[in-house]
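Following: one structure in structure tokens, then a few remarks.
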Amino acid sequence: MTTPVRVVAPGASSFGTALRDALAEVDAPGCVVYVCGDEDAATVGPLDALTPDEWDRRAERVLRDALAALRDAHRELSPRGGRIVLVAPTAGIPGAPELVPFVTAVEGARAMAKSAARQWGAAGIAVNTVLVPLELLVPSAAGATSFLSPPAIGAPTLAHVAAAVVAFVDPSRHGVTGATLVVDGGSVMAP
Amino acid sequence: MSAVDLSGRTVLVTGGGAGVGRGIALACGAAGAHVVVASRRENGVEVVDEIVTRRGAASWSQCDVTDRESVAATVAHAVARTGALHAVVHNATSNQSSVPHRLEDVSGELWEQHSSVSLRGAYHCAVAALAALRVSGGTLLVMTSPAGIEGSATLPLYATMKGALRGFAKSLAREWAPHGVTVNVVSPLAYSPAMENAVAEDPAMEERLARRVPLGRVGDPEIDVGRGVALLVSADAAFVTGQTLGIDGGHFMSL
Amino acid sequence: MDPRSNDRRGVDWDDRVSVSALENLDGKVVVVTGATRGVGLGIARYLAGRGARLVVSARGAEGLAALSAELDDRGAAYVARTADAGDRDANFALVAAAVQEFGTVDGVVANAVTSNPPVPVEELTEADLDVPFDASVKGTVWLMQAAFPVMRDQGRGRVVTFGSNAALNGVPTYAAYSAAKEAIRAITRTAAAEWGRHGITVNSICPVSVRHHTPGLDDPEALARFERGFSKQPVPRDGRLEEDIAPVVGFLLSDASAYVTGQTLMADGGRIMLR
């Protein structure tokens, strides 16, 4: 009997559902995957045109959701240890115009995940991040990162994104925490 | 005498009443800028006095960065007083910034304290200042720290905010580039009231920290950080945008 | 952007493909240089355990003999050859051996390196710089070049190179070694950008596992001091070769990493949280 990876994806995103399906066969007790972002948060538009409420929904809420997910995971995994994976868009590394609140939240969540890795490492909880192309996570926001170099090898399929997540939840990967794995076919190659 | 020339420029510094913010304000004043010292408390008035005593130009604006109207009023003051606004340095952070905490125990209240000042504060500064910065071809500067890049074992919310501000700045740099406005990030290592408190409680900490800094010391807020910021808010840095500059004696090189 | 719309060479497009199966290394032909000690030995053992077919190399015949005996015991399929890390002909011969024995090469692990004595920058000699550049920078390039035609023609390949935490941090007295390691990471990104169209991924790993080359750890006090050195990092211990380092290399050699290229992966217990 398999214990599937628990995938938490706010906003009922189609990516989250597809990722959950792709991971369904994987037996991984003690593993939680959190998908950061949804269509509402990643709505493209200039910062100065936002209402304060929209800023809060796209920046604040996304960050608070990430915090809640990490805390829930910590509560669940605490006694025995486990593995947490944050899935977020690569757009946070180069930045993306007209996605300011969302990228703010994504980069905050990544720093939060690294802090969690530091605080929870001794308790046997690893926290890592997988970054994927924005268009895979939120298809409606695809245009916002059109300035990026095209991927050297091609755009990743969901199966390969899932495989990268599996790589981090695999119990054999004990020594990896606080890491960020970019799965985008070779578009963002940060030094 | 400062090598950087900010004469004719207006620079607004949030959290300008103490620590790194005060250092930035003093350095920009010494470089010839009119400095609008924005602070919640009246310690900002003393900074204004010091700039003026040194024959610089400055004015105080009471400013609560968590309050959109307050920030808008401060920007309006700057423009009304000098006719323009060339730079906004969003330096203010929560006064809880250096209080150690565990991520799993974070309360909604602590979250709000951090986020309202750092993130909503940055948002307020940006939207309030954009119009004036477009006219002047100016710049917005936010502050980060190694914690924002590599996480923190003791201050996870501080790290979250500082990481978030980098994402904010890079995205805004791309968005505002067509308007001729630059956006950058500074990562300072300098004495702040919080650090001074920490050192007072544990004097050995200062030496431990200094040993890990290649240049062998913690920075002075005005001479070290302020002057670097003065360069970034000057016309000389007009081709620099979306960048994170460490002004930290080489403490952290993994940008 | 439709993820199915890009170049399909060398990749199984069926979205029903089993995600776990993507990590399968059974039968994959992999060249591992510097395979008789430390990180390279851990990788060779791990890959053999996963059913890979190996070409292993090292400078010394004795080490190779010991490794060969081990691989024989495991029933692994392998070829063992002596090779100096920076020797172009020797690197090409390794790939030729893979093709001759196993019919192809699926991955190369450019692990071989020479050590460098600590030298402050102001005292560096030309020889100090030449040693790591000749051995590890050129050696990495020669191995990659040797494998390229085979990988290009089959539309699939994996290159794993080695960076270093010391180089990322800027550790005093390690200038020559660090320069070589950063050169390798630059070559990794460049090759990734060039070879992506052929279905070849090129990535770096920065491993930290130092126990095996730290002397004097039989002494309990020295051991305690050694272990304390890791107490502040997120995973508070030294990396274990087969359990911590090798599986990350395994991921990079597998089909699971088909869309990971030009990246640096850390296997260092979270010491450096890159990006």
Can you tell me which residue in region C:154-177 is nearest to the other protein chains (Cβ to nearest Cβ), limited to those that are among the polar types (S, T, N, Q) and surrounded by fewer than 22 Cβ atoms within 10 Å (Cβ to Cβ)? C:N169
If you go through C:V235, C:V249, the only one that is at the interface with chain A (Cβ under 8 Å from one of its Cβ atoms) and surrounded by 14 or more Cβ atoms within 10 Å (Cβ to Cβ) is C:V235
What's the number of the condition A:A122 fails, among (1) touching a residue at least 24 places away in the same chain (Cβ under 8 Å); (2) part of a helix (DSSP H, G or I)? (1)
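Considering region A:66-98 alone, what residues qualify as being among the polar types (S, T, N, Q) and either in a helix (DSSP H, G or I) or at pLDDT 95 or above (or both)?
Within region A:66-98, just A:T90 meets the criteria.
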What single numbered condition from (1) within 26 Å of C:L274 (Cα to Cα); (2) buried (at least 24 other Cβ atoms within 10 Å of the Cβ); (3) of a type outside the set (S, T, Y) fails to hold for B:A126? (1)
Give me the residue from region B:135-169 that is more than 10 Å from chain A (Cβ to nearest Cβ) and part of a helix (DSSP H, G or I) and, out of that set, nearest to B:E109 (Cα to Cα). B:P146
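This table checks each residue for (1) away from every other protein chain (no Cβ under 13 Å); (2) closer than 22 Å to B:R22 by Cα; (3) free of Cβ contacts under 8 Å to residues at least 40 places away in the same chain; (4) not charged (D, E, K, R).
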residue: B:A204; (1), (2), (3), (4): yes, no, yes, yes
residue: B:R212; (1), (2), (3), (4): no, no, yes, no
residue: B:R217; (1), (2), (3), (4): yes, yes, yes, no
residue: B:L231; (1), (2), (3), (4): yes, yes, no, yes
Looking at region C:147-166 only, could you name the residues that are modelled with pLDDT under 95 and aliphatic (A, V, I, L, M)? C:A166
Some residue of region B:221-235 being part of a loop (DSSP other than H, G, I, E, B) and surrounded by fewer than 16 Cβ atoms within 10 Å (Cβ to Cβ): no
Among the candidates A:V138, A:V130, residue that is over 27 Å from A:R75 (Cβ atoms), away from chain B (no Cβ under 14 Å), among the hydrophobic types (A, V, I, L, M, F, W, C) and crowded, with 22+ Cβ neighbours inside 10 Å: A:V138
Kindly indicate the residue of region A:99-127 that is facing another protein chain (nearest Cβ under 7 Å) and surrounded by fewer than 24 Cβ atoms within 10 Å (Cβ to Cβ) and also modelled with the highest pLDDT among those meeting that condition. A:Q119
Being within 25 Å of A:P150 (Cβ to Cβ), hydrophobic (A, V, I, L, M, F, W, C) and over 16 Å from the mean Cα position of the chain (by Cα) is true for just one of C:A175, C:A166, C:A179, C:A193. Which residue is that? C:A193
Among (1) outside any helix (DSSP H, G or I); (2) more than 15 Å from the chain's Cα centre (by Cα); (3) not polar (S, T, N, Q), which single condition is B:V35 missing? (2)
Take region A:28-59 and flag every residue that is surrounded by fewer than 21 Cβ atoms within 10 Å (Cβ to Cβ), within 13 Å of chain B (Cβ to nearest Cβ) and either part of a helix (DSSP H, G or I) or touching a residue at least 12 places away in the same chain (Cβ under 8 Å) (or both). A:V44, A:G45, A:P46, A:D48, A:A49, A:L50, A:P52, A:D53, A:E54, A:D56, A:R57
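The values are calculated or read from the model by the stated rules, or taken from the named source; none is laboratory data. On a predicted model such as this, the values are computed, not experimentally measured, just so you know. Glycine also receives a Cβ, built like all others from the backbone with ideal geometry; neighbour counts cover every protein chain displayed.
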